[in-house]
Amino acid sequence: MLLQNEDRAEDILQRVKEIWMGNTALLATTTSLVFLLLCWIIRDSIKIKNVHEKYVLITGCDTGFGNLLAQRLHRKGFGVIAACFTEKGCQELIACTSPSMKTVILNVTNPKSIDEAVQFVAAETGSKGLYGLVNNAGRATPIGPTDWLDMEDFHRVLDVNLIGLIEVTLKFLPLLKKAKGRVVNVASVMGRLAFGGGGYSLSKWGVESFSDSLRRDMQHFGVRVSIIEPGFFKTGVTNLEVIEKDLNRLWNRLTPDVKTAYGEKYFDNYLKVQKLSMNTFCDADISKVTNCMEHALTARFPRTRYGAGWDAKFFWLPLSYAPAAVADIMLKLLLPRPTGIKKSLAKNQIDV
Ligand SMILES: NC(=O)c1ccc[n+]([C@@H]2O[C@H](COP(=O)([O-])OP(=O)(O)OC[C@H]3O[C@@H](n4cnc5c(N)ncnc54)[C@H](OP(=O)(O)O)[C@@H]3O)[C@@H](O)[C@H]2O)c1
Ligand SMILES: *[C@@H]1O[C@H](CO)[C@@H](O)[C@H](O)[C@H]1NC(C)=O
């Protein structure tokens, strides 16, 4: 009887020991993780000093993210040089901020225009150099099913979003090295998950890889590089009117064969889907994006990538890590299907 009790006591002791040991490991892991997370949060929130002595050039400041960022950094005391595509953009920005806001006209597809902007910035910044370059200028159209597009359509987007961005960066690098500055490149979730057809996704994948190479090459010179990956926001590039007008142009110039394969209803459905997805996905609060840009410029330790917006964080970026088959199914659900394929195949068979 006594022996039995001793056995049971030993059993219980053993069980308690096991659970306790298990819990210690669990406790240790949790504590370490919380500690690491706290360290990261503190590290992430340390800010740089003396923003008043720092110059930042932002491209595409006429509207959208660039425009808001210019205003915000100006208010913070940065020496902002806002590069606008148009004279009107420059004037409007000065009117809504103050005459101390510096602006310059910059067409990123025009080498001469870039050279002139470099000269202007070099003169403005003097011995300090350029602390920040935000490559924000961009365009989305022409965008649409791949077989609706020609080379000219691809060039129009790639020349601005990728080639223009590369040329601007290369030409400003000497000034950025001088200030041990930062490059902030605006990519997109469409630079992680390609859909929509045309130069847009291509250009943003290019921005991702150009930025990765640049970051690895420039770390030796103290120049840091961050990539912003916004989801969908209400701005010029997601303007339905512009997108629909261009889709009309593409649809109207299609050959009858291609049109038949897609079916007459396809175009209307495609427009409907565009409208629906732009209206449901597009976030009006573009400060979610400029907050990321500000962090990349003002944090002591800028992050490499910033997913901006709920849709980016919880839908597009996770989907970009999913197996291609899963992403294909999701995108197939989102986009309409061509309805005339059978008809057009039958016709081709008769032709042959
Ligand atoms: N909005 C979104 O959902 C979203 C999502 C992911 C990434 N992005 C990216 O964010 C960046 C900013 O776009 P946004 O959304 O703020 O749209 P936006 O309001 O259209 O801003 C883009 C600006 O770039 C200018 N631009 C166009 N071509 C140019 C050129 N050749 N040289 C210089 N500037 C030029 C545009 O001028 P015009 O208006 O006169 O053409 C416009 O002011 C773009 O790179 C875009 O691809 C946007
Ligand atoms: C921008 O530069 C390109 C290339 O030189 C030119 O074709 C285009 O017309 C320019 N755009 C504007 C608005 O000046």
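Between a first residue in the stretch 263-285 that is more than 24 Å from W148 (Cα to Cα) and a second residue that is modelled with pLDDT of 90 or more and hydroxyl-bearing (S, T, Y), which pairs have beta carbons less than 9 Å apart while being 6 or more apart in sequence or on different chains?
F281/T238; C282/T235; C282/T238
Condition first: part of a helix (DSSP H, G or I) and surrounded by fewer than 10 Cβ atoms within 10 Å (Cβ to Cβ). Now tell me which residues in the stretch 26-49 satisfy that. Spell out how you get there, then give the answer.
In the first step, residues of the stretch 26-49 are kept if they are part of a helix (DSSP H, G or I); the result is 26-45.
I41, I42 - these are the residues of the stretch 26-49 that are part of a helix (DSSP H, G or I) and surrounded by fewer than 10 Cβ atoms within 10 Å (Cβ to Cβ).
Hey, K171 hits all of (1) of a type outside the set (A, V, I, L, M, F, W, C); (2) within 15 Å of ligand 1 (Cβ to nearest atom); (3) under 30 Å from E244 (Cβ atoms); (4) more than 17 Å from the chain's Cα centre (by Cα) but one; which does it fall short on?
Of everything listed in (1) of a type outside the set (A, V, I, L, M, F, W, C); (2) within 15 Å of ligand 1 (Cβ to nearest atom); (3) under 30 Å from E244 (Cβ atoms); (4) more than 17 Å from the chain's Cα centre (by Cα), K171 misses just condition (3).
Residues checked against (1) surrounded by fewer than 16 Cβ atoms within 10 Å (Cβ to Cβ); (2) in a helix (DSSP H, G or I):
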| site | (1), (2) |
| --- | --- |
| A95 | yes, yes |
| V104 | no, no |
| V134 | no, no |
| D147 | yes, yes |
| R156 | no, yes |
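For the subset of the stretch 186-218 comprising residues that are part of a helix (DSSP H, G or I) and of a type in the set (A, V, I, L, M, F, W, C), which member is nearest to the chain's Cα centre (by Cα)?
Checking each candidate, the answer is V189.
Please go through (1) surrounded by 20 or more Cβ atoms within 10 Å (Cβ to Cβ); (2) part of a helix (DSSP H, G or I) for V183 and return the number of the only condition it doesn't satisfy.
So the condition that V183 fails would be (2).
Please state which one of E116, E124 is more than 15 Å from ligand 1 (Cβ to nearest atom) and part of a helix (DSSP H, G or I).
Being more than 15 Å from ligand 1 (Cβ to nearest atom) and part of a helix (DSSP H, G or I) holds for just one of E116, E124, which is E124.
Filter the stretch 305-352 down to the residues that are crowded, with 17+ Cβ neighbours inside 10 Å, over 28 Å from the mean Cα position of the chain (by Cα) and either modelled with pLDDT under 85 or hydroxyl-bearing (S, T, Y) (or both) and list them by number.
Passing the criteria: G340, S344.
Checking the structure you have, find out if any residue of the stretch 52-64 is assigned to a helix (DSSP H, G or I), among the charged types (D, E, K, R) and out of contact with any Gly (no Cβ under 9 Å at 6 or more places or on another chain).
No, that holds for no residue.
How many residues does the stretch 65-80 contain that are of a type in the set (G, A, S), assigned to a helix (DSSP H, G or I) and free of Cβ contacts under 8 Å to residues at least 40 places away in the same chain?
1
Report yes if some residue within the stretch 236-243 is farther than 17 Å from V134 by Cβ, out of contact with any helix residue (DSSP H, G or I) (no Cβ under 8 Å at 6 or more places or on another chain) and not charged (D, E, K, R); otherwise report no.
Within the stretch 236-243 (the criterion being farther than 17 Å from V134 by Cβ, out of contact with any helix residue (DSSP H, G or I) (no Cβ under 8 Å at 6 or more places or on another chain) and not charged (D, E, K, R)), the answer is yes, since at least one residue qualifies.
All but one of (1) away from ligand 1 (no atom under 14 Å from the Cβ); (2) of a type outside the set (D, E, K, R); (3) part of a strand (DSSP E or B) hold for A83; state the number of the condition that does not hold.
So A83 meets the others, but not (1).
The values are calculated or read from the model by the stated rules, or taken from the named source; none is laboratory data. Note that the structure is a prediction, hence the values are computed from the model and not measured. Note that we place each Cβ from the backbone using ideal geometry, even for glycine, and neighbour counts take in every protein chain shown.
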